Amino acid sequence: MTSPEEIRHSIERAFPGARVHVEDTTGAGDHFEIEVTTPAFSGKTPVEQHQLVYQALDTLMPRIHALSIHTAAS
């Protein structure tokens with residue numbers, strides 16, 4: 001089981017100053033919706049942005065069953 005706070009902290013460590021919102025969509029600690037806005041995404045395609053988020057969550061991914069990611073450059 002993973003908490004939204006663990007996910008948020010992992011993303012914030014990877015992207016200091018990012019705006020991050022994490023929601024546990026089922027309450028079970030394994031389905032999440034994530035919104036990340038950071039200047040680090042500037043010039044990157046949506047696929048590249050999502051890959052960066054997955055890299056930031058690398059150690060948590062085995063505990064996450066479903067993940068909806070919304071990204072934007074700021």
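Here are the criteria: (1) assigned to a loop (DSSP other than H, G, I, E, B); (2) at pLDDT 95 or above. Tell me which single one P62 does not satisfy.
The failed condition is (1).
Looking at the range 41-56, I want the residues that are touching a residue at least 24 places away in the same chain (Cβ under 8 Å) and have a partner that is part of a helix (DSSP H, G or I) and among the hydroxyl-bearing types (S, T, Y) with Cβ atoms under 9 Å, at least 6 apart or on another chain. Which pairs are those?
Listed by first residue and then by second, the contacts come to A56/S10.
Among the residues of the range 12-40 satisfying the criterion of being within 14 Å of T2 (Cβ to Cβ) and free of Cβ contacts under 8 Å to residues at least 24 places away in the same chain, which is surrounded by the most Cβ atoms within 10 Å (Cβ to Cβ)?
The selected residue is V22.
For E6, state whether it is in a strand (DSSP E or B), free of Cβ contacts under 8 Å to residues at least 60 places away in the same chain and not hydrophobic (A, V, I, L, M, F, W, C).
Judged against the criteria, E6 is not a match.
Can you name the number of the only condition in (1) small (G, A, S); (2) part of a loop (DSSP other than H, G, I, E, B); (3) touching a strand residue (DSSP E or B) at 6+ places or on another chain (Cβ under 9 Å) that G17 fails?
Every listed condition holds for G17 apart from (3).
Tell me which residues, restricted to the range 27-51, are part of a helix (DSSP H, G or I) and either of a type outside the set (D, E, K, R) or modelled with pLDDT under 95 (or both).
Matches in the range 27-51: P39, A40, F41, P46, V47, Q49, H50, Q51.
Could you grab me the full set of residues in the range 5-22 that are of a type outside the set (V, I, T) and either in contact with a His (Cβ under 9 Å, 6 or more places away or on another chain) or under 12 Å from H70 (Cα atoms) (or both)?
R8, R19, H21
The values are calculated or read from the model by the stated rules, or taken from the named source; none is laboratory data. No experiment lies behind these values; they were computed from the predicted model shown. Here Cβ is always computed from backbone atoms with ideal geometry, including for glycine, and neighbour counts include all displayed protein chains.
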